[in-house]
């Protein structure tokens with residue numbers, strides 16, 4: 001905790017702080033900007049917020065008796081909508097705010113409206129998949145213990 005405070009303090013003074021780490025959960029709460037390098041090449045240089053917001057794994061889940069009509073409105077606004085059940089939608093390309101505004105504008109009810117975001121580690125692994133020099137074996141490819 002003290003190191004995070006020190007780094008934030010130095011950055012607050014206008015100093016540049018470079019930190020190399022494999023602890024993505026710590027980077028998510030410490031870093032403002034990310035520079036991601038793979039095999040000696042720059043893969044990304046962005047803010048943590050933009051890096052996470054650009055993840056293809058982010059989606060909104062909405063549950064409403066008016067799911068069909070809501071899906072039509074959202075698709076007209078450019079969202080991709082998959083119907084998981086008669087009343088449940090999996091939505092990409094819009095925020096929960098946009099879904100909530102569509103629901104409110106039409107006087108509909110919603111029983112669930114939740115945002116699902118990719119973690120920094122998941123996003124990092126997505127982006128660097130092709131640039132990793134070493135890969136861990138899948139769990140089913142590991143030798144049993146004791147062999």
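Any read-out appearing in this document is the output of simple, stated calculations on the displayed coordinates, not a laboratory observation. The structure displayed is predicted, hence computed values, not measured ones. Here the Cβ is made from the backbone with ideal geometry for all residues, glycine too, and neighbour counts use every protein chain on show.
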Problem - Whether the range 59-116 is rounded, prolate or oblate, judged on the alpha carbon gyration tensor where a/c under 1.5 counts as rounded - result: rounded
Completion exercise
the chain, Gaussian network, Cα under 10 Å: of 81, 103, 17, the residue fluctuating most is 17
Fill in the blank from the handout: Longest principal axis of the chain (C-alpha) makes with the long axis of helix 96-105 (C-alpha) an angle, in degrees to the nearest 10, of 10 degrees
Handout entry: Within a Gaussian network of the chain (alpha carbon springs, distance under 10 Å), most fluctuating of 51, 59, 18
Key = 18
Problem - Helix axis angle, 2-12 relative to the chain longest principal axis, alpha carbon, degrees - result: 80 degrees
Problem - Among (i) 16.6; (ii) 20.1; (iii) 18.5, the entry that matches Kirkwood radius over Cα pairs in Å as calculated here - result: (iii)
Exercise for the section: Just order 34-42, 70-78, 8-16 by mean Cβ neighbour count inside 10 Å, highest at the front, would you? Expected result: 70-78, 34-42, 8-16
Handout entry: Computed [θ] at 222 nm, helices only, for the chain once each DSSP H run of length n ≥ 4 contributes -39500 (n - 2.57)
Key = -10000 deg cm²/dmol
